[in-house]
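The structure under discussion appears below in the form of C-alpha cells.
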Amino acid sequence: MIDITIRPVDEKDFPQIVDLFSEFALFEKMPDKMVNSVDRMIAERDFFHCFVAVSADNLIIGYATYFFAYYTWIGKSLYMDDLYVKPEFRGKGVGTRLIHRVVDLSKNSGCHKLRWQVSQWNGPAIDFYKSLGAMIDNTEQNCDLLF
C-alpha cells in the first residue's frame, strides 16, 4: 500500500483528469474516442461525479467516475463508468481503494446494484473484479449514438 488520499473530484483537478482520460483511452486502444476537454467538463460539471486517488505529492494517480442510474428490472443503481490507475501505481491497492469507495457510496445511497464494464481482453482487470465477487456477463454489447 502507498500513501494516498481518496476524495471527491474538485474542478481544479479537471486538467489532470483530462490527461488521465487520454491516458486511459490510449490504454484501451481507442485514443481517437477521447474528445472530452476541461472546458466541456466545466460546462457539464453538474453531471460529472468522480473519486480521485491523490498521492502524497498531490498528483492524481487514479480515478473512478460514476453516475446514478435506474434499471427497470432492479431500480436505483450506480454505474461506474471508468476505473483507472496509472500503470506505475497498479498492484499497490489504489484501484481497490477507489472501487471500495464507489461500492460504499452505492450502498450508502440505497442502490440495489453497482454496474460497470470491463474489456474482454483485459485479463488482469477481469481477475481483479472477480476477486471482489463481481459477476461478469458476456450477454450485452454497447450501443452508442454520438451527437
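Check whether at least one residue in segment 15-29 is under 17 Å from the mean Cα position of the chain (by Cα), surrounded by 11 or more Cβ atoms within 10 Å (Cβ to Cβ) and at pLDDT below 95, and report yes or no.
yes
Condition first: in contact with a Cys (Cβ under 6 Å, 6 or more places away or on another chain), farther than 21 Å from LYS12 by Cβ and buried (at least 16 other Cβ atoms within 10 Å of the Cβ). Can you find one or more residues in segment 62-77 that meet it?
Filtering segment 62-77 down to residues in contact with a Cys (Cβ under 6 Å, 6 or more places away or on another chain) leaves 63, 65, 76-77.
From what is left, the residues that are farther than 21 Å from LYS12 by Cβ are 76-77.
Applying the additional criterion that residues be buried (at least 16 other Cβ atoms within 10 Å of the Cβ) yields 77.
Among the residues of segment 62-77, at least one is in contact with a Cys (Cβ under 6 Å, 6 or more places away or on another chain), farther than 21 Å from LYS12 by Cβ and buried (at least 16 other Cβ atoms within 10 Å of the Cβ), which makes the answer yes.
Those residues that are in contact (Cβ under 8 Å) with a residue 24 or more places away in the chain, of a type in the set (Gly, Ala, Ser) and surrounded by fewer than 19 Cβ atoms within 10 Å (Cβ to Cβ), I need them from segment 85-107; list them, please.
Answer for segment 85-107, where residues must be in contact (Cβ under 8 Å) with a residue 24 or more places away in the chain, of a type in the set (Gly, Ala, Ser) and surrounded by fewer than 19 Cβ atoms within 10 Å (Cβ to Cβ): just GLY93.
The values are calculated or read from the model by the stated rules, or taken from the named source; none is laboratory data. Worth saying up front: this structure is predicted, and the values here are computed from it rather than measured. Please note: Cβ atoms are built from the backbone with ideal geometry, for glycine as well, and neighbour counts cover all protein chains shown.
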